[in-house]
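Please read the structure below before turning to the comments.
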Amino acid sequence: MKVRRENATTARAGAGPGEPAFFQGIVRPDGRVGTRNHIGVLTSVNCSATVAKMIASRSAAPAERFPNVDGVVALTHDTGCGMAADGDGIRLLRRTLNGYARHPNFAALLVVGLGCEVAQLTGFDLPEGTPTMTIQGMGGTAATVRHGVELIRDLLPEADRVERVPVPASELVVGLADTGTGGHGNATLGAAADLLIRHGGTAILAGTPQLYGAERLLASRAVSPEVAGRLAERFRWWERYAAPAPDAPERAAARGGTSPLTAVHEYAEPVAERGLVFMDTPGRAEVSATGQVAGGATVMCVTTGDGPAGGCRPVPGLNLAATGAAYRAMPEDLDLDLSDASVTGERLFRLILEVASGRRTAGEELGSGDDDFAPWQIGAVM
């Protein structure tokens, strides 16, 4: 495993089953725990994407002045207009954006719209005091960028006043995604997920089309008939929607480990339960990760057989090679080779704790992840 630059933080996985595990987390005033400290520029519509990127790039926080700010991140997407004003599509978009707006990895947030879009800012449930503006309301692109840069420069000093403190691993929420590896390497990830859950944390299993065919296996681990029923309903929805036919669903399900299934959520719904949670997402890694981050994931683990899945800011994403060939082909893009027999679930769990404590992933070192915010689009496009 390649050693990457680390912050001055420590993480401890525990020497025995009775010893607790900790990471160096960021505790927000309301008690939520983050793993990164970003300022976000969130867009309501694709029409404000360029302005958001301009604001973020011109507000870049100098590391020497604001060492505790991980960056100013523009989260842009290609929807928000040309869609129905009600129905699943816009409800899902709003739920995703609301989840990001309340994510503990953001110290502060600015939300930018155009002004005439279907997804009006007034329809979102943003944290109290979140600054919002529209390009039309501000008088155009240049004026909006100037005002946005001023707002963020005012937010930077307060965002920098954070420190990492020891936090139990039970506060971690780890998302599990797969780019389509056929399940190779997922057993190691599943073992790490079991360790996290044993320490009281939460793992999110997602990517319903990849898991089609393994639903009975997952249902047998449900903690209640209600959880099993919700799981069955999500798989029936996919039967009507796309008739999925995955490769090796049992191996794909292995990334969820062997723990009991405590809850089932639709895409981007807030995850409050601990243990193994299922979230209904598409299989595409960027879309799946976006839903899991919106639900509260603070670290993402993505297995890949043919290259990295990118990033998932504001959350650190571990890109895990499912095969030795994938790791040898792109070693600087990947964090760990799961096909290596020396890589155990415990080793991966320790790496997750280190990343949660501030250790930078391969994607973060490369600066990837800015363009991987991909809300799931459902419904007619007009």
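The values are calculated or read from the model by the stated rules, or taken from the named source; none is laboratory data. Note that this is a predicted model, so its numbers are computed, not measured. Each accessible area value is taken on the protein alone, full model and side chains, heavy atoms only, with ligands, DNA and RNA left out. Shrake-Rupley method; radii C 1.70, N 1.55, O 1.52, S 1.80 Å.
For His265, enumerate residues with amide H under 5 Å from its amide H, sequence gap 5+ or separate chain, H modeled in the peptide plane.
So His265 has HN proximity to Phe278, Met279, Asp280.
For the chain, count the residues as N, evaluate 2.2 N^0.38 Å, and divide the Cα radius of gyration by that value, please.
This ratio for the chain stands at 0.95.
Quick one: grab the alpha carbon gyration tensor of segment 115-181, order the square roots of its eigenvalues as a ≥ b ≥ c, and give me rounded if a/c is under 1.5, else prolate or oblate depending on whether a/b is larger than b/c.
Working: a/c = 2.44, a/b = 1.49, b/c = 1.64.
Oblate.
Expressed as cubic angstrom per residue, what is the convex hull volume of the alpha carbon set of segment 39-157?
Value for segment 39-157: 91 Å³ per residue.
Report the accessible area of Glu364, computed with a 1.4 Å probe over the heavy atoms of all protein chains in place, in Å² rounded to the nearest 10.
Here the accessible area works out near 30 Å².
Please list 3J(HN,Hα) in residue order for segment 71-83, calculated via the Karplus relation 6.51 cos²θ - 1.76 cosθ + 1.60 where θ = phi - 60°; whole Hz, with x for glycine and proline.
x, 9, 10, 8, 9, 10, 8, 10, 9, x, 9, x, 9
Tell me, what % of the accessible area of segment 237-291 is carbon and sulfur with a 1.4 angstrom probe?
Working: 1130 of 2190 Å².
Of all accessible area on segment 237-291, carbon and sulfur atoms account for 52 percent.
Under the Karplus relation 6.51 cos²θ - 1.76 cosθ + 1.60, θ = phi - 60°, what is the ordered set of whole-Hz ³J(HN,Hα) values for segment 195-208, x standing for Gly and Pro?
5, 4, 5, 4, 8, x, x, 10, 10, 10, 8, 9, x, 4
Give the dimensionless ratio obtained when the Cα radius of gyration of segment 300-347 is divided by 2.2 N^0.38 Å.
1.08
In terms of modelled amide H atoms, which long-range or inter-chain residues lie less than 5 Å from the amide H of Arg359?
Amide H neighbours of Arg359, under 5 Å, 5+ apart: Asn7.
How much of the accessible area of segment 72-216, probe 1.4 Å, is carbon plus sulfur, in whole percent?
49
Kirkwood-based Rg over Rh for segment 220-353 (C-alpha set), two decimals?
Here Rg/Rh amounts to 0.97.
Using 0.36 nm per residue, how much length does the chain from Gln377 to Asp154 gain when fully extended, once their Cα-Cα distance is taken away?
76.8 nm
Roughly how many Å² is the accessible area per residue of the chain, as a whole number, for a 1.4 Å probe?
40
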